[in-house]
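The values are calculated or read from the model by the stated rules, or taken from the named source; none is laboratory data. If you're wondering where the values come from, they're calculated on a predicted model, not measured in any experiment. Because the Cβ atoms are built from the backbone with ideal geometry, glycine has one as well, and the counts that use them run over all protein chains shown.
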Amino acid sequence: MAQFPSPEWVASLSDKLNSDEQYAHVAHAWEADMGFLVDGRDKFPEPVRLYLDLWHGKCRQAYMLEDGSELKAAFILKATYSNIVQLLKGEVDPIQALIMRKVSVQGNYALLMRSVPVVLHFVRCCREVTDSFV
């Protein structure tokens, strides 16, 4: 368990994704990297950028980007810090958050919607490694 957002949280999430049998099963055909772009104007001087290389139910690489680094990934999840906190606390469902525009995603939206089980298990893993917030 770790505090979101932090390098420890990203490492914990990577470990969780690599050890979670349910995630591995539903994401066995997933072949795309993902980024988080968190706007925390009230908490951080710069947006928080996280990167995850997700491939066939495993996380091959995960890290926080340094300030000013450009985030490049097939999917980029964008949200305010408060909306990410709501998502990670389970106060809002991931699909509902997309529909309500609490989070937005850059990337192949059709592929994402065909992969709802992957999304749900990914968010579950994110929730399970989060014990506190900055």
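Would you say Ser104 is over 18 Å from Gln3 (Cβ atoms), part of a loop (DSSP other than H, G, I, E, B) and not basic (Lys, Arg)? Spell out how you get there, then give the answer.
Numbers: over 18 Å from Gln3 (Cβ atoms): yes; part of a loop (DSSP other than H, G, I, E, B): no; not basic (Lys, Arg): yes.
So Ser104 does not fit the description; no.
Any residue that is closer than 21 Å to Pro5 by Cβ, surrounded by fewer than 14 Cβ atoms within 10 Å (Cβ to Cβ) and modelled with pLDDT under 95 - is there at least one of those in the range 115-133?
no
Within the range 36-50, which residues are free of Cβ contacts under 8 Å to residues at least 24 places away in the same chain, of a type outside the set (Lys, Arg) and buried (at least 16 other Cβ atoms within 10 Å of the Cβ)?
Scanning the range 36-50 gives a single hit, Pro47.
Being out of contact with any helix residue (DSSP H, G or I) (no Cβ under 9 Å at 6 or more places or on another chain), among the aliphatic types (A, V, I, L, M) and farther than 13 Å from Val123 by Cα narrows it down to one residue among Leu54, Leu37; which is it? Spell out the reasoning first.
On the way: Leu54 fails: out of contact with any helix residue (DSSP H, G or I) (no Cβ under 9 Å at 6 or more places or on another chain).
Sole residue among the options that is out of contact with any helix residue (DSSP H, G or I) (no Cβ under 9 Å at 6 or more places or on another chain), among the aliphatic types (A, V, I, L, M) and farther than 13 Å from Val123 by Cα: Leu37.
Restricted to the range 59-81, and to residues that are small (Gly, Ala, Ser) and over 18 Å from Glu128 (Cα atoms), which residue is surrounded by the fewest Cβ atoms within 10 Å (Cβ to Cβ)? Steps first, answer last, please.
First pass over the range 59-81, keeping only residues small (Gly, Ala, Ser): 62, 68-69, 73-74, 79.
Retained after the next criterion (residues that are over 18 Å from Glu128 (Cα atoms)): 68-69, 73-74, 79.
On the way: Gly68: 7, Ser69: 11, Ala73: 20, Ala74: 16, Ala79: 21.
Per the stated criteria, the residue is Gly68.
Looking only at the range 26-49, which residues are acidic (Asp, Glu) and under 17 Å from Lys102 (Cβ atoms)?
Initial filter on the range 26-49 (acidic (Asp, Glu)): 31, 33, 39, 42, 46.
Scanning the range 26-49 gives Asp39, Asp42.
Checking Asp42 against (1) of a type outside the set (A, V, I, L, M); (2) in a loop (DSSP other than H, G, I, E, B); (3) touching an Asp or Glu at 6+ places or on another chain (Cβ under 6 Å): exactly one of these is not met. Which one?
Condition (3) is where Asp42 drops out.
Can you work out which of the residues in the range 15-35 that are under 16 Å from Leu88 (Cα atoms) and either modelled with pLDDT under 95 or in contact with a Cys (Cβ under 8 Å, 6 or more places away or on another chain) (or both) is surrounded by the fewest Cβ atoms within 10 Å (Cβ to Cβ)? Break it down into steps so the answer makes sense when it comes.
Here is the first cut: in the range 15-35, the ones under 16 Å from Leu88 (Cα atoms) are 16-17, 35.
From what's left, either modelled with pLDDT under 95 or in contact with a Cys (Cβ under 8 Å, 6 or more places away or on another chain) (or both): 16-17.
Numbers: Lys16: 19, Leu17: 23.
Across the range 15-35, the extreme among qualifying residues is Lys16.
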